[in-house]
1. Each residue of segment 68-81 in turn: what ³J(HN,Hα) in whole Hz from Karplus with 6.51, -1.76, 1.60 and θ = phi - 60°, glycine and Pro shown as x?
2. What number comes out for the charge environment of residue 62, summing +1 per Lys or Arg and -1 per Asp or Glu over other residues with Cβ under 9 Å away?
3. Measuring from label point to label point, each 7 Å out along Cα→Cβ, what is the residue 96 to residue 150 span in nm?
4. Convert each backbone phi in segment 101-118 into a coupling constant with the Karplus relation 6.51 cos²θ - 1.76 cosθ + 1.60 (shift: θ = phi - 60°), then list the ³J(HN,Hα) values in order as whole Hz, x for Gly and Pro.
5. Given the protein chains as shown and a 1.4 Å probe, how many square angstrom of residue 59 are accessible, to the nearest 10?
6. At a Förster distance of 30 Å, what's the computed FRET efficiency of residue 104 paired with residue 43, Cβ-Cβ distance as r, to 0.05?
Amino acid sequence: RVEKEKKDLYSYANEKLVTELLDVLDNFERALDQEGQGDSFKEGMEMIFRELKEKSNLTVVFHHNDVSIPKDMEEHLFRIVQEIVSNTLKHARAQQMDVFLHQEGKQLHLRMVDDGIGFEQEKLERLSYGLKNIQERVEDMAGTIKIRTSPQKGVAVDIRVPLLVKDKNEQSVF
């Protein structure tokens with residue numbers, strides 16, 4: 001019974017934190033609508049991760065290089081990060097999350113790794129609504145996603161997305 005009460009309390013605290021962070025994320029999303037591309041997204045991620053550190057036991061280490069993210073991709077990436085962070089807070093019992101955001105030529109690489117409790121890889125066959133949503137967003141951007149996990153080994157989400165570059169005639173080129 002005590003274990004169940006602890007689990008319920010943990011769940012309640014994380015739900016409250018997730019709700020607070022969703023408010024922060026919504027404010028950030030509105031700010032993105034008014035900003036340019038790339039740097040504002042990166043700065044927004046830094047703001048969110050600082051907020052996470054202040055309000056939770058989760059330490060986030062953000063590794064990135066100079067990225068130039070097209071405006072139309074920012075919302076997809078933003079929502080993907082939001083869902084992964086939310087899942088980590090709700091389920092993982094993680095102490096640390098490493099987030100890697102790198103531009104490699106004409107490809108964007110987003111990798112998020114936590115040190116939480118993980119889950120059976122076979123359970124990926126029955127994707128949750130949130131994970132299906134992430135998968136659909138990645139597919140909408142013509143990208144790929146790989147999720148690696150096992151019990152007590154955490155979760156690693158690896159997303160690669162081709163970057164569209166506008167030519168002189170405002171046409172998208174890969």
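The values are calculated or read from the model by the stated rules, or taken from the named source; none is laboratory data. Since the model is a prediction, treat every value here as computed from it, not as a measurement. Positions of Cβ are backbone-derived with ideal geometry, glycine not excepted, and every protein chain shown enters the neighbour counts. In case anyone asks, the SASA skips ligands and DNA or RNA and just uses the protein heavy atoms, side chains included. Shrake-Rupley method; radii C 1.70, N 1.55, O 1.52, S 1.80 Å.
1. Once rounded to whole Hz, the list reads 10, 9, x, 3, 6, 8, 4, 5, 4, 5, 4, 5, 5, 4.
2. -1
3. 2.0 nm
4. Once θ is set to phi - 60°, the couplings for segment 101-118 become 10, 9, 9, 10, x, 9, 9, 9, 10, 10, 10, 10, 10, 10, 9, x, 7, x Hz.
5. 50 Å²
6. For R0 = 30 Å, the calculated efficiency reads 0.90.
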